[in-house]
Every structure is written in structure tokens, then in C-alpha cells.
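Below you'll find the structure, written out as C-alpha cells, and then a few comments.
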Amino acid sequence: MEGVNVVIAVELLLQEELENDRLHHRVQRRRLFRPRSCFLELTDQQCVERYRFDKATIQDLCLQIQPLLQARTRRNYPMPVHLKVTTALTFLATGSFQSVLASSTRLTQPAISNCLTQFLNAFLTHTRDYISLPTTPQALQDSMRQFYNVAQFPSVIGVVDCTHIALRHPRADEASYRNRKAFHSMNMQVVCNAQREILDVCAKYPGSTHDVYIVQHCGLHRRATQGHFNGAWLLVCKHQPLPDPPQQQLQQPPDGDDDEPPPPPQHRAEHSASQEGFNARHRLIQTHFL
């Protein structure tokens, strides 16, 4: 009996030691990596619906900003470049909350936030590659010829107008972001050429700012009035009155309500036809990202 008691006592001591070890030593769990999808597995139509760009455009974008988004090491199974790009594009295309987007992309909200920050910082370094006004004499002549072919409007290189980009309710200075249509926005000034390509963007003014104020205080106005466009003109919408410096290069068609005689119907038609390029680009921006 004594031998049996000794064996039982030893077993109890061993069980107690094992329980103590379990309490003091955490069991290391193996990390679980979820499968990651690639946009190349989708069709072009699916890519446009989900990311607002086709596969070729997304692939080219990934190649351009890859040096800035590529992880330095393979440690901890880093997120590939294409996943960072498509995650950011999904957020920009849908405008959804990051937490809602996390459930559909199988990523955490902090991961989506990091993707968005890295993508925007990398993409902004290539802004001048896509958005720039013509400066060389040949580029100016080409732009003027394209506008003349639209409606025989001479010496015009771009059309200037503003559009409101809707925002969520801001926490600070809420009143300044409420526009005349009673929703919160940024009032973004855009310049388009005859091919509906964006040449210049000024997106730093809240929605309550009038279009005229933006035209008069943006860098584009300063460059135009200083004669940087070599005699070329930027066509401004009729509802945006302009100051009248001697070297004015922001052209505005005369208003029929003034003392001057109203413009002939052909002039109004030329202006409207030239303005249609911006209107089409505006509708495209509204459709894709609002």
C-alpha cells in the first residue's frame, strides 16, 4: 500500500507541475495567412466595376509606383504591391468606411489605412506626369489647334470651371464646407483641354468658397496674368466674372446683360461647344468617384 501511495503522490506532483508550466508558458499559435486574390483573375468589366480602371491601367499603375510600395524584406509575409493598389482604389471608388471595406477584402482596418496612405503618397509623386499645362510653343500650338477644330474658337488651350466634390460631415469648421446646395464639399477648380484631359487642378478650397474667388487666387491666375502662356487663352465660364488687368489671359465671353451689345449666336455656340469638353469630364468624375 505504501508503494501505491508513493506512485499516486508522484503522479499528482507531475500533474501539478504540468499545470504550472501551462500557466507560465504561453502556447505559441501558428499564424494564419488568408489567401490573397489578384485583380488579374477578374475580367476587364469586373475591374472597372470594382476599381473604376481596367486591368491594363491598374497593371501600369502598379509598375510605376512599385519602387515606393515594395516591401524591403520578405519578413512576416508582406502585402504585395498589387494588393495595396487595388485596396486603395476600392476605397476611392466606393467611398465606404474602412471598417466596412475590411470585411469584404479580408484585411484589417489598420491594414487598409496603411495601404491608402502609402498609395496616395506614392501616387502624388507622379502628379506632374499626368497633370500639367502645355508650356512649350509646340504644345501650345497643338492645344490651340485642337480647340479650334472643336468650334473654331481661336487661341484657347483650356477651359476652366469648378465642381463640388462631396465630403462627409467634417468635425472642424463645418460651416465653411457647406455649399449653396446644402451639402458638404470641396470646391475643386479643373482645367481641361479639347481632348477632355485634365491639365490643372486646384483642390484646396471648401465648398462655400465662390468660384470667382478660386479663379482670382489660384496659381493659374497668376501665371496667366503674367503672360506665361505666350498669348494663349484659358476660357472661363460665363458665370465667373473676372478682374480686368491689362495683360489678362483668362478669357470670358461678353455678357448680354451689360451695356455692350450681346454676342452673336455663333459666338455663344462656339463657347458652349468649347465648354462641353469640361462638362463631359465633370460628368465622368461624378460617375466614377462620387
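I'd like to verify a number: residues in region 131-174 that are under 24 Å from the mean Cα position of the chain (by Cα) and not in a strand (DSSP E or B), how many?
Residues meeting the conditions: 12.
Conditions (1) at pLDDT 85 or above; (2) assigned to a loop (DSSP other than H, G, I, E, B), marked per residue:
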residue: Y205; (1), (2): yes, no
residue: V212; (1), (2): yes, no
residue: A224; (1), (2): no, no
residue: L235; (1), (2): no, no
residue: D258; (1), (2): no, yes
residue: P262; (1), (2): no, yes
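Looking at region 148-175, which of the residues that are touching a residue at least 12 places away in the same chain (Cβ under 8 Å) and of a type in the set (S, T, Y) is nearest to V212 (Cα to Cα)? Write out each step before concluding.
We begin by selecting, within region 148-175, every residue touching a residue at least 12 places away in the same chain (Cβ under 8 Å); these are 149-153, 155-170, 173, 175.
Of the ones still in play, those that are also of a type in the set (S, T, Y) are 155, 163.
Numbers: S155: 22, T163: 13 Å.
The extreme case among them is T163.
Which one is surrounded by the fewest Cβ atoms within 10 Å (Cβ to Cβ) among residues in region 101-124 that are at pLDDT below 85 and touching a helix residue (DSSP H, G or I) at 6+ places or on another chain (Cβ under 9 Å)? Explain how you work it out, then say what you get.
In the first step, residues of region 101-124 are kept if they are at pLDDT below 85; the result is 101-108.
Adding the requirement that they be touching a helix residue (DSSP H, G or I) at 6+ places or on another chain (Cβ under 9 Å) leaves 101-102, 104-105, 107-108.
Numbers: L101: 18, A102: 18, S104: 10, T105: 19, L107: 20, T108: 12.
Within region 101-124, the match that is surrounded by the fewest Cβ atoms within 10 Å (Cβ to Cβ) is S104.
Within region 175-202, can you find the residues that are out of contact with any strand residue (DSSP E or B) (no Cβ under 8 Å at 6 or more places or on another chain) and outside any loop (DSSP other than H, G, I, E, B)?
A175
Of everything in region 66-81 that's touching a Lys or Arg at 6+ places or on another chain (Cβ under 9 Å) and buried (at least 17 other Cβ atoms within 10 Å of the Cβ), which residue is farthest from T117 (Cα to Cα)?
Filtering region 66-81 down to residues touching a Lys or Arg at 6+ places or on another chain (Cβ under 9 Å) leaves 69, 76-80.
Still in the list and also buried (at least 17 other Cβ atoms within 10 Å of the Cβ): 69, 79.
Details: L69: 11, M79: 14 Å.
Going through the qualifying residues, I end up with M79.
The values are calculated or read from the model by the stated rules, or taken from the named source; none is laboratory data. Since the structure is predicted, the reported quantities are computational estimates derived from the model, not experimental observations. In this analysis, Cβ positions are derived from the backbone assuming ideal geometry, glycine residues included, and neighbour counts consider all displayed protein chains.
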